[in-house]
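Peer 1: Pasting in a structure now, in structure tokens, and then I'll have a few things to ask.
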Amino acid sequence: MKAGFALSLSASLLLNVVAFAQSPSAPPADPGDDEVVRITSNLVQIDAVVTDRDGRQVTDLLPGDFEIYENGKLQPITNFSYVSVRPASGQTLPPAAWNVPPPKLDPKQVSRTIVFVVDDLSMSFSSIYYSKAALKRFIDTQMQPGDLVAIVRASAGMGALQQFTNDRRLLAAAVDRIVVRASGSDLIGVFGSAGPDEVDLFRGTYYTVGMLGAVYQMVKKLRELPGRKSVVLISDGFRLNLPDEIDTRTQDALRQLTDFANRSSTVIHTMDARGLAVVGRGAAAGGQRTRNRQPALSGPSGFDASTPGGSTIPDGFFRGDDIADTPALAAVDGNGFRRAPNAGDDFRRLSDEVFETQGGLIDLARTTGGLAIINSNDLTGGLKRIMVDQQGYYLLAYTPSDEAFRPLKNGAPAFRKLKVKVKRKGLTIRTRTGYFGMSDDDILPTPATREARIAEALTSPFNAEGIRVRLTSLFASNEKALQMQQSGIIKSVIQVEPRDLTFIDDNGWKKATIEVVGVVFDDGGQLVGMDRRKHNIRIKPEMFDKEIEKGIRIELFDVPVAKAGAYQSRVAVHDDSSNRVGSGNQFVEVFPLERDQISVSGLILTGVIPEKSASGQVVDLREINHPEASYSIREFQPGQGVAVGCFMYNPVLDATTGQPRLNSQIRIFRDGREVFTGTPRLVRTDGITDFRYVGMGLAIVLPPDFEPGDYALQLVVTDLNQTDAKRKTVSQWIDFTVVPATTVKQP
């Protein structure tokens, strides 16, 4: 390979284009089968889960096995069905290797949509520690094909790692960024005193409203997805029954959240991260709570992790069910404990604290048809139980009466209580508990203004498809960044499908006007860059058909990044004439630029003519002046040559020769499984004198038997001079599409 090629490649392309990794797009809302909960003037449809005494779902019930009551009045069932979302038999995810690109999900393949909201606003150190362990185990062992997952910190915005994905690497990174906040309950336990004073109540209310607001924002994002969605709130609990003179905001926030969750077909499950609360005399005197865990969850100093299933309850309490749903909670007086008649006042206050803070978790789950997992040291087992709940649900519907939508005398909508009974003995049913007498169209209006539509497209976790947009964002460094030990810049380019735009006649031209808004967030949800521009696209009528075949490529703004981490690039495109909106979003991984720490820029793919034509061979480049596919589209034919270009930064230099020794290997994946493995090749450094950045270009001839579809190309770089195994290997990957020969777009 000519060294000059790699250097020119960086100047012309590497700082202008990059890897693309779009999130699954949501299909247009369908008023038919995709809707779960519907509330209109002529139909109320709700979902329900039925389980037996062992917690197993019951799926063979008929309409006659159910009764629906609204405000105590029996309603005739007009519609009935059971929806199964259980994965196909034998369907499993590949082993959890975090450096493997995940399969690209089509929206129709999404079977479970799950949001984990971690209430880090007020959780203790121990709760954060064990919650992170349980989430890591879920990612490693419980994720299924078709799962779309988000992990959200209540304290952060819609950051780069708080996005829906099936990429277990990104989810694991999101878990790693959950930390104890200084405002948390305390560093170890939950009880710093025998009871909260008024200041504590004010502070607790402030954090609770913030946490409920974070859940509300995620429920809003879930609204646009079809099917039944789930939110799992992991928290140390919160109070609901506060004195009116202190605050009523918690009740208001909870009421708003539950109504919106019900209308968005979202079930909210809750988990008490404190586990089995063991309240003893030491806690009453201001000491800490004891917490025992299973052996596999051995914790930091100060925890006894040797006793499976929990420990002996001290005088004054004994334990109820380890994992309790709402009916079981009622049987054990709401908080999973029974109090001995001679418990002291301090014990009573601490018991009341447990009861009150668990009450919010129980109420939130009950009103949305979810499970409340409390008094369990097995958080992993609790998540398993919640996942079993996702296997299916019944849909029940009836025609409401006219009075259901009549407002109260003060104009407010009336709340209609719902109760669903199952006639077969020994079964338990969970469903929604009511709704406000307003139509979905009145409460959940479609954004009408341009600003509202653009804002929704930018903040949505899924791509708007009114205009087909492909976003390509690249991290690359430069001379200045290397000198300052900073990371570099993120450059982006979009490819817009002109067939989705409305062109009008304008003085002998065909003209379309679009507005492009781009933003970049860091992993904490902070905005690090934004650009907004109008673009007038003018084409001569005689050239129109030819030009629209190429697509519209638009270079976006440069965003400097000062630190390593995960970033999220997002773009929305609005067509002024049709009011249609399209959007794209992409994760960009920025590596640290440290001395003797190998890192890799984003990858670019272009069509090339390689020196060799052997199928499936990684070869040197002969030239790149005749590409057959654009770097911003990345659609290639079977048997076509594809170039891979990147920069490698800060390799370790050999003490004797002063030269780097870098190995490169190309791997190709489809649906998360490896379909091609290239032979490792030494990176040639002929003519390079500044080894802080080493350009590389390789090409591969795609095998002719590659079927059309979505693929991911991964480049693995190994620093052979590096002795530290953790710093020896790094990888980047980029997606591309294999298409039939007649559909490749010319740049």
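Peer 1: Given the conditions (1) part of a loop (DSSP other than H, G, I, E, B); (2) out of contact with any Lys or Arg (no Cβ under 8 Å at 6 or more places or on another chain), and given that Asp523 satisfies all but one, which numbered condition is not satisfied?
Peer 2: It is condition (2) that Asp523 fails.
Peer 1: Considering only the range 580-601, I want to know if a residue exists there that is under 21 Å from Ala712 (Cα atoms) and assigned to a loop (DSSP other than H, G, I, E, B).
Peer 2: yes
Peer 1: Still on this structure: Somewhere in the range 650-658, is a residue in a strand (DSSP E or B) and either surrounded by fewer than 23 Cβ atoms within 10 Å (Cβ to Cβ) or touching a residue at least 40 places away in the same chain (Cβ under 8 Å) (or both)? Before you say what the answer is, go through the steps one by one.
Peer 2: Kept after step one, since they are in a strand (DSSP E or B), are these residues of the range 650-658: none.
For the range 650-658, residues in a strand (DSSP E or B) and either surrounded by fewer than 23 Cβ atoms within 10 Å (Cβ to Cβ) or touching a residue at least 40 places away in the same chain (Cβ under 8 Å) (or both): absent.
Peer 1: Given the criteria under 29 Å from Asp389 (Cβ atoms), open to solvent by 10 Å² or more (accessible area, probe 1.4 Å) and at pLDDT 50 or above, does Arg203 qualify? Working first, answer last.
Peer 2: On the way: under 29 Å from Asp389 (Cβ atoms): no; open to solvent by 10 Å² or more (accessible area, probe 1.4 Å): yes; at pLDDT 50 or above: yes.
Criteria not met by Arg203.
Peer 1: How do the pairs read when you match residues in the range 524-544 that are acidic (Asp, Glu) with residues anywhere that are in a strand (DSSP E or B), using Cβ under 6 Å and keeping only pairs 6 or more apart or on different chains?
Peer 2: So the pair list comes out as Asp531/Gly518.
Peer 1: Regarding the range 666-673, can at least one residue be identified that is assigned to a strand (DSSP E or B) and open to solvent by 50 Å² or more (accessible area, probe 1.4 Å)?
Peer 2: As a first pass, look at the range 666-673 and keep what is assigned to a strand (DSSP E or B): 666-670, 673.
In the following step, the residues that additionally are open to solvent by 50 Å² or more (accessible area, probe 1.4 Å) were identified as 670, 673.
Looking for residues that are assigned to a strand (DSSP E or B) and open to solvent by 50 Å² or more (accessible area, probe 1.4 Å), one finds at least one in the range 666-673, hence yes.
Peer 1: Also: Return the only residue of Asp686, Asp710, Asp705 being acidic (Asp, Glu) and surrounded by 15 or more Cβ atoms within 10 Å (Cβ to Cβ). Walk me through it before giving the result.
Peer 2: Values: Asp686 fails: surrounded by 15 or more Cβ atoms within 10 Å (Cβ to Cβ); Asp705 fails: surrounded by 15 or more Cβ atoms within 10 Å (Cβ to Cβ).
Every option except Asp710 fails the conditions.
Peer 1: Oh, and also: Considering only residues that are within 30 Å of Gly64 (Cβ to Cβ) and assigned to a helix (DSSP H, G or I), look in the range 367-386 and name the one that is most open to solvent (accessible area, probe 1.4 Å).
Peer 2: Arg385
Peer 1: Next up: Among the numbered criteria (1) at pLDDT below 80; (2) of a type in the set (Phe, Trp, Tyr); (3) open to solvent by 50 Å² or more (accessible area, probe 1.4 Å), which single criterion is violated by Tyr693?
Peer 2: Just one mismatch for Tyr693, condition (1).
Peer 1: Given (1) more than 26 Å from Arg634 (Cβ to Cβ); (2) open to solvent by 30 Å² or more (accessible area, probe 1.4 Å), where does Arg553 come up short, assuming only one miss?
Peer 2: (1)
Peer 1: Restricting to the range 589-648, name every residue that is aliphatic (A, V, I, L, M) and at pLDDT 80 or above. Steps first, answer last, please.
Peer 2: First, pick out the residues of the range 589-648 that are aliphatic (A, V, I, L, M): 590, 593, 598, 600, 603-605, 608-609, 614, 618-619, 621, 624, 629, 633, 642-644, 648.
Residues satisfying the conditions are Val590, Ile598, Val600, Leu603, Ile604, Leu605, Ile633, Val642, Ala643, Val644, Met648.
Peer 1: If you take the residues in the range 417-441 that are part of a loop (DSSP other than H, G, I, E, B) and of a type outside the set (A, V, I, L, M), which one is most open to solvent (accessible area, probe 1.4 Å)?
Peer 2: Within the range 417-441, the subset part of a loop (DSSP other than H, G, I, E, B) is 423-427, 432-433, 437-439.
Imposing the further condition that a residue be of a type outside the set (A, V, I, L, M) reduces the set to 423-426, 432-433, 437, 439.
Working: Lys423: 116, Arg424: 98, Lys425: 187, Gly426: 28, Arg432: 5, Thr433: 38, Gly437: 6, Ser439: 23 Å².
Among those that are part of a loop (DSSP other than H, G, I, E, B) and of a type outside the set (A, V, I, L, M), it is Lys425.
The values are calculated or read from the model by the stated rules, or taken from the named source; none is laboratory data. The model shown is predicted, which means the values in this text are computed figures rather than measured ones. Glycine also receives a Cβ, built like all others from the backbone with ideal geometry; neighbour counts cover every protein chain displayed. Calculation scope for accessible area: heavy atoms of the full protein, side chains included, ligands and nucleic acids excluded. Shrake-Rupley method; radii C 1.70, N 1.55, O 1.52, S 1.80 Å.
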